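What follows is a single structure, written as structure tokens, with notes after it.
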Amino acid sequence: MLTVDYGRLDVRAGERVLDLGCGFGRHSYEALKRGAEVVACDLARPEVEQVRDLARLLVASGEVDESVMAAPVQGNALGLPFDDDSFDRVIAAEVLEHISDDESAFAELARVLRPGGRLAVTIPSWLAETVCWKLSSDYHAPAVPGGHVRIYRLRGVRRKLTTAGLQPGGSHRAHALHSPYWWLRCAVGPNREVSEHRLVGAYHRLLEWDIVKRPFVTAAAERLLNPLLGKSLVVYADKPLRASDSAPVRQSEDMAHAA
């Protein structure tokens, strides 16, 4: 289940991609399949190890060329273990809402992105997140250690990207069908097991079916509902070229307009 639009991110074979906050690797695998060299980075070791193991399976099955494999890295967004200008593309999916000093994290993302490169940041969208916070204090920090510490608006994300030295571009929302699910979970208690509430369990099975089968009816519903109810907001940004750089920034048509 991808949140980032790889057409807008414009990932190409041979490029170096950082997937920060990789989780269990959903965005890493897509970039690998497109022939990019991917570095998956997460603060949690179990996630890093699972991405490593599953990436090896992709190589063994022939879905991914071994030449694009890069070792997953355990690292902190406030001090990334990479040199300046190391990556052609950077993805930070559902990470920044967990970090108190998010401006330093934005600066680190900009530092490791090469001039002319592109970044995709995804965070919970304002409406979906605000409803969750109002329904239950157990959904976010401080009740949840390491949980969400803030709610973003689009203009705030764009401002922080600009402060970090990037040029914000297009944006969109994704996963509209997931918003009501989380509202329901918050209403009945987000710490309860999914199986403890019949309606929550039924909705969870629906989402699992949608992820596996991706039928036309749910795909069409999400396209229609995403602009308002999308659970995630995705914002793209480019790093400007320096005066000494000669390679042009690749601008896809959508980057000319901010949603």
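The values are calculated or read from the model by the stated rules, or taken from the named source; none is laboratory data. Note that the structure is predicted; figures quoted are calculated from it, not measured. Neighbour counts are summed over all protein chains in view; Cβ atoms, including those assigned to glycine, are modelled from backbone coordinates with ideal geometry. Heads up: the accessible areas ignore ligands, DNA and RNA and are worked out on the full protein's heavy atoms, side chains in. Shrake-Rupley method; radii C 1.70, N 1.55, O 1.52, S 1.80 Å.
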Distance between modelled label sites at Val194 and Ser244, nm, 7 Å Cα→Cβ extension: 5.1 nm
Could you report the chain's accessible area per residue, 1.4 Å probe, as an integer in Å²? 49 Å²
So, with points 7 Å from each Cα along the Cβ direction, the Ala221-Trp209 label distance in nm works out to 1.0 nm
How big is the stretch 1-134 in terms of Cα radius of gyration and Dmax, in angstroms? 14.6, 48
By its C-alpha gyration tensor, with a ≥ b ≥ c as the square roots of the eigenvalues, how is the stretch 160-230 shaped: rounded for a/c under 1.5, else prolate for a/b larger than b/c, else oblate? oblate
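Report the per residue volume, in Å³, of the convex hull enclosing the C-alpha atoms of the stretch 23-91.
81 Å³
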Between Leu57, Leu229, Leu96, where does the largest GNM mean-square fluctuation fall for the chain, given springs only between Cα atoms within less than 10 Å? Leu57
Cross-link candidates for Lys239: which lysines have Cα within less than 22 Å, leaving aside residues fewer than 8 places away along the same chain? Lys160
Quote the charge dipole size of the chain about the Cα centre in Debye, to the nearest 20; the model charges only the Cβ of Lys and Arg (+1) and of Asp and Glu (-1). 800 debye
Within the chain, percent of DSSP bridges classed antiparallel, to nearest 5: 45 percent
Any lysines with Cα under 17 Å of the Lys134 Cα? List them, leaving off those in the same chain fewer than 8 positions away. Lys231
Largest first and in whole Å, give the semi-axes of the stretch 1-60's equivalent ellipsoid, each being the square root of 5 times a Cα gyration tensor eigenvalue. 18, 13, 10
Tell me which GluC sites (Glu not before Pro) from the stretch 47-92 have a DSSP coil assignment and no more than 16 other beta carbons within 10 Å of their own. Glu63
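Multiply the residue separation of Glu94 and Asp138 by 0.36 nm, subtract the distance between their alpha-carbon atoms, and state the gained length in nm to one decimal. Numbers along the way, then the final one.
Values: separation 44, 0.36 × 44 = 15.84 nm, distance 1.84 nm.
Full extension of this stretch gives 14.0 nm more.
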Output the DSSP H helices from the chain with an along-axis C-alpha extent of no less than 18 Å and a mean Kyte-Doolittle hydropathy no less than -0.5. 45-60, 198-213, 216-229
Give me Rg/Rg_expected for the stretch 61-203, where Rg uses Cα atoms only and Rg_expected = 2.2 N^0.38 Å with N residues. 1.23
List the residues, sorted by chain then number, that are 5 or more residues from Gly116 or on another chain and whose placed amide H is less than 5 Å from its amide H. Lys239, Leu241
Can you pull the percent of the chain's accessible area that's carbon plus sulfur, 1.4 Å probe, other chains left in place? 54 percent
